[in-house]
Structure formats: structure tokens, C-alpha cells
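S.K.: Provided herewith is a single structure, encoded as C-alpha cells, for subsequent inquiry.
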Amino acid sequence: MTPPPSDRDAHRAWLVGLTGEVARGLVVDLGCGRGEDLRLLAARHGGADVRLVGVDASADAVAAAAETLAEDARVALRCAAADGRLPFADASVDVVYSHNLLECLPDPGDFAREVGRVLRPGGRVVAGHWDWDSQLFDGGDRALVRRLVHAFADWRQSWMARADGWMGRRLWGVFQGAGLTDGALHARVVTNTTYAPGWMGYENARALGALSRRGLVPAEEYARFLAEQAALAAEGRYCYAITGFAYAGRRAAASAV
């Protein structure tokens, strides 16, 4: 069997590529998690005059990111929320990057306005998000697949202020509504035809199990879904896809904050 690809790493590399390259200045990753994206940002913006800051509300995630990036003295980490005033001065940041953060914020529009505030004139923003309601699993019971996908997209986990499984498709509207950046919307589809550990479709099918454990969908229905995915794989007919969106823009020099 072909070794599993790093679907998420490939997608991260695509997103980070949208940030361009800066030779000096400040690059910020909002919602940096355990530092996977921040590591790629540090590699892309590798100049000695570049500073990078990762911000996350989870102390555990910040500690993990510190270990991941311990050898890069240019990187600093802050434990702070991103659902209010960002911990940066006006017009002080050259690149703002964020991945899979906005769906859980109480006011994505306020976040976009804060991004506009902290960016220098001409500074870049790249905000990426999976569109969870775009997940496609093949299957004979279409209604069952739809129920599972929609329930997962709408599920608000305990650490989330809100949940919006359509945030990917809403990125354009969020940043356009803020009116402080000029940009474009990009999309990338991850597809799998192999069903095995390490592949994104396999792992996300397992993630749907949280719905069953919390009583949001019947355990029998989830078990039937898994059995059908395995059967499709055994017959060589398995297919999975998900769309990730990215808003990439620049701070409009003439905009007032």
C-alpha cells in the first residue's frame, strides 16, 4: 500500500506559500496551536531580520510550540486569546497568518478589523479555514452521510465560543465586511482514494465518532457508516474530499482604522 501522505502538512505548505516572503519585520501566527504552521512560516521567512510571534489561548499548545521551535531564536510565543484586542500595536505587523481559528471566535468580523488595525500599510494577511460542511464521503446511505457531516460541522465543542462549519466559505465576506484589506479568495481540495490510518479521510471519519460518544448521533448509525467506508475501500471504490479556503490580502494603505 502507498504510504499515507501528510495531507495536513501539504495543505499548510500551500497556505504558508500565500504569505509570500518578507526579508525583515514581524510575522504573526494567530491561533498557532502546537506550532506546525509557525514552523513552516519560520522556514519560509528565514531572514535574520524577521521576527515571528505565535499566539494561542491554550497554555498546553504554547508549551508544545515552544518545544517545536526551541532552536529558532527569532520565534516568541504568547498565551493570549484572539477574541478581543490583539496584543500588537497599530500598524506594527508585516504578515498575519491564521488557520482554523475563526470558526470558534464569537465575532469573526471584529477579528478581521483587529487584523487590519495591526497590519502595516501593505502588510499581508492569510486566513485559512477548512469548510467542514464540504466534507464528502461516498456511501450508499446518502441521508446518513449527510446527517453525520452536517452534525459535525455544527458541533460546538466545549472550548469553542461558537461553531461555524461554513467558515471556509465565509472568509471572503468576513474580511470584505471589515473593509480594511484588499484581497482574494483561494480554495484547495484534498482528495483521498485510500482508506487507511494517516490519510485525512480515514482520520476525519474517526473524528465523527465524537458525535456518537456524546449522543449527538445514534451509535448504530455511526457504526454502519464506518462499515460502509471499509466496504467501499475493500471494493476499490472509496472516495473522500474536503475543501479548504484561504483569504489572502493586503492592508489597504488608504484605509482608516
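The values are calculated or read from the model by the stated rules, or taken from the named source; none is laboratory data. This is a predicted model, so every value here is computed, not measured. In this analysis, Cβ positions are derived from the backbone assuming ideal geometry, glycine residues included, and neighbour counts consider all displayed protein chains.
S.K.: Here are some conditions: (1) surrounded by 14 or more Cβ atoms within 10 Å (Cβ to Cβ); (2) under 25 Å from Glu21 (Cβ atoms). Ala253 meets all but one. Which one does it not meet?
M.R.: Evaluating Ala253 over (1) surrounded by 14 or more Cβ atoms within 10 Å (Cβ to Cβ); (2) under 25 Å from Glu21 (Cβ atoms) leaves (1) as the failure.
S.K.: Can you name the residue in the stretch 87-101 that is aliphatic (A, V, I, L, M) and surrounded by fewer than 20 Cβ atoms within 10 Å (Cβ to Cβ) and, of all such residues, is farthest from Ala23 (Cα to Cα)?
M.R.: Taking the candidates together, the pick is Ala89.
S.K.: Tell me, yes or no, whether the stretch 119-140 has at least one residue that is assigned to a helix (DSSP H, G or I) and among the aliphatic types (A, V, I, L, M).
M.R.: No, that holds for no residue.
S.K.: Residues of the stretch 165-194 being closer than 23 Å to Asp9 by Cα, in contact (Cβ under 8 Å) with a residue 60 or more places away in the chain and among the aliphatic types (A, V, I, L, M), which ones?
M.R.: Once the filter is applied, which keeps residues that are closer than 23 Å to Asp9 by Cα, in contact (Cβ under 8 Å) with a residue 60 or more places away in the chain and among the aliphatic types (A, V, I, L, M), the stretch 165-194 yields Met167, Leu171, Ala184, Leu185, Val190.
S.K.: Could you say whether any residue in the stretch 56-68 is crowded, with 17+ Cβ neighbours inside 10 Å, polar (S, T, N, Q) and either at pLDDT 95 or above or more than 23 Å from Arg124 (Cα to Cα) (or both)?
M.R.: yes
S.K.: Something else about it: Cβ-Cβ below 8 Å, separation at least six or inter-chain, first residue in the stretch 33-50 and acidic (Asp, Glu), second assigned to a loop (DSSP other than H, G, I, E, B): which pairs?
M.R.: Close Cβ pairs (under 8 Å, with a partner that is assigned to a loop (DSSP other than H, G, I, E, B)) amount to Asp49/Ala23.
S.K.: Suppose we keep only residues that are touching a residue at least 12 places away in the same chain (Cβ under 8 Å) and closer than 20 Å to Arg169 by Cα within the stretch 134-146. Which one would you say is surrounded by the fewest Cβ atoms within 10 Å (Cβ to Cβ)?
M.R.: Leu136
S.K.: Output the number of residues of the stretch 57-94 satisfying the condition of being of a type outside the set (Lys, Arg) and more than 21 Å from Asp107 (Cα to Cα).
M.R.: 22
S.K.: Name the single residue, out of those in the stretch 200-214 being in contact (Cβ under 8 Å) with a residue 12 or more places away in the chain and within 17 Å of the chain's Cα centre (by Cα), that is nearest to Gln157 (Cα to Cα).
M.R.: Checked the stretch 200-214; the qualifying residue nearest to Gln157 (Cα to Cα) is Ala207.
S.K.: Just to be sure I understand the filter: pairs with C-beta atoms under 8 Å, separated by 6 or more residues or on different chains, first member in the stretch 68-79 and in contact (Cβ under 8 Å) with a residue 40 or more places away in the chain, second member assigned to a strand (DSSP E or B) and not charged (D, E, K, R). Which pairs pass?
M.R.: Pairs found: Leu77/Val53; Leu77/Gly54; Leu77/Val55.
S.K.: Is there any pair linking a residue in the stretch 80-94 that is closer than 13 Å to Ala112 by Cβ to one that is outside any loop (DSSP other than H, G, I, E, B), with Cβ under 7 Å and at least six apart or on different chains, and which?
M.R.: Note: pairs meeting the criteria are Ala82/Leu30; Ala82/Val55; Ala82/Phe111; Leu86/Glu114; Leu86/Val118.
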